[in-house]
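Here the structure is laid out as structure tokens; the discussion comes afterwards.
The values are calculated or read from the model by the stated rules, or taken from the named source; none is laboratory data. Computed from a predicted structure; not experimentally measured. Positions of Cβ are generated from backbone atoms using ideal geometry, with glycine treated the same way; all protein chains shown enter the neighbour counts. We work out accessible area using only protein heavy atoms, side chains counted, and drop any ligands, DNA or RNA first. Shrake-Rupley method; radii C 1.70, N 1.55, O 1.52, S 1.80 Å.
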Amino acid sequence: MACLPETVLGWHQRYVQQANWTRDLARYLFQKLNLSSPLVILEVGCGTGAVIQEILKPLQAISFGLDINPEYLNFTFQQQLTANLIQGDAHHLPLTGGAFDVCICHFLLLWVTDPGEVVKEMHRVTRPGGVVIALAEPDYGGRIDFPQELSLVGDWQKESLRQQGADPLIGRKLRSILSKSGLVNVEAGVLGGEWKSGSADVHTGEWAILRDDLSDNPQRLAQLEALSDLDIQAWEHGDRVLYVPTFYALGRVPE
């Protein structure tokens with residue numbers, strides 16, 4: 001991800017926010033799968049442990065977390081979570097095949113060099129009959145903004161993500177990626193949207209990221225500040241709609 005002038009704690013707060021967006025979906029999917037307990041679960045790209053804390057811990061699973069960033073892993077360790085932490089590259093998981101009941105990732109595949117290879121590795125380390133879940137991947141190509149003037153922010157966001165090496169259209173590709181990895185019974189869906197008073201706070205992180213990304217472009221940064229003011233006013237007046245389709249997909253490892 002882009003290196004912002006924020007502490008690891010700041011990123012952790014952002015990741016907790018994202019985990020809260022998908023917590024109900026995760027609970028629904030695990031209930032639907034009806035897997036035997038206790039589950040042994042690996043999160044690939046665990047970051048600062050937000051998903052382990054907010055989603056996996058209530059499942060009372062045996063949790064493992066893997067991330068390439070040692071600072072994130074150190075932060076996760078300091079949270080005293082009951083989880084086994086591993087440093088490694090998602091493209092080449094340093095793990096035995098078939099070791100996990102469930103392997104998940106969360107807002108990860110848009111950032112990796114080869115999402116297909118990452119999912120194949122997740123498939124490899126999951127036992128026969130186990131499940132691979134891509135719990136959340138956005139699709140900024142389907143972003144909806146109202147008032148219309150704010151659609152420019154979405155264009156800049158897609159451009160920024162591409163410059164950082166991310167794929168802003170990963171969401172629509174998710175089902176295909178899982179199917180091509182050899183998983184079976186693949187299904188996918190998209191999270192709905194909801195807008196209510198106070199929702200503006202949910203998106204402050206995106207504005208901070210855009211400000212950092214545009215810091216070397218004074219003209220565009222000035223435009224962004226004007227749009228930020230419009231965004232605040234739209235939320236206050238009850239006009240604002242912002243929707244980024246966020247896809248999920250899951251599939252089983254053949255028995």
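Which residue out of LEU66, LEU29, LEU56 is open to solvent by less than 20 Å² (accessible area, probe 1.4 Å), within 22 Å of GLU121 (Cβ to Cβ) and either in contact with a Lys or Arg (Cβ under 6 Å, 6 or more places away or on another chain) or assigned to a strand (DSSP E or B) (or both)?
LEU66
Of (1) part of a helix (DSSP H, G or I); (2) surrounded by 15 or more Cβ atoms within 10 Å (Cβ to Cβ); (3) touching a residue at least 60 places away in the same chain (Cβ under 8 Å); (4) of a type outside the set (Gly, Ala, Ser), ASP145 satisfies all except one. Which?
(1)
Return the residues of the range 236-255 that are open to solvent by 30 Å² or more (accessible area, probe 1.4 Å) and in contact with a Gly (Cβ under 9 Å, 6 or more places away or on another chain); say none if nothing qualifies.
VAL241, TYR243, VAL244, PHE247, TYR248, ARG252, PRO254, GLU255
Pull out all pairs, ordered by first then second residue, where Cβ-Cβ is under 8 Å, the residues are six or more apart or on different chains, the first lies in the range 19-45 and is farther than 18 Å from ALA188 by Cα and touching a residue at least 40 places away in the same chain (Cβ under 8 Å), and the second is of a type in the set (S, T, N, Q) and open to solvent by 20 Å² or more (accessible area, probe 1.4 Å).
If the second residue must be of a type in the set (S, T, N, Q) and open to solvent by 20 Å² or more (accessible area, probe 1.4 Å), the pairs left are ALA19/GLN53.
Testing ALA136 on (1) modelled with pLDDT of 95 or more; (2) under 17 Å from the mean Cα position of the chain (by Cα); (3) among the small types (Gly, Ala, Ser); (4) outside any strand (DSSP E or B), one condition comes back false. Which one is that?
(4)
So which of THR113, THR126, THR76 is surrounded by 15 or more Cβ atoms within 10 Å (Cβ to Cβ) and farther than 30 Å from GLU255 by Cβ?
THR76
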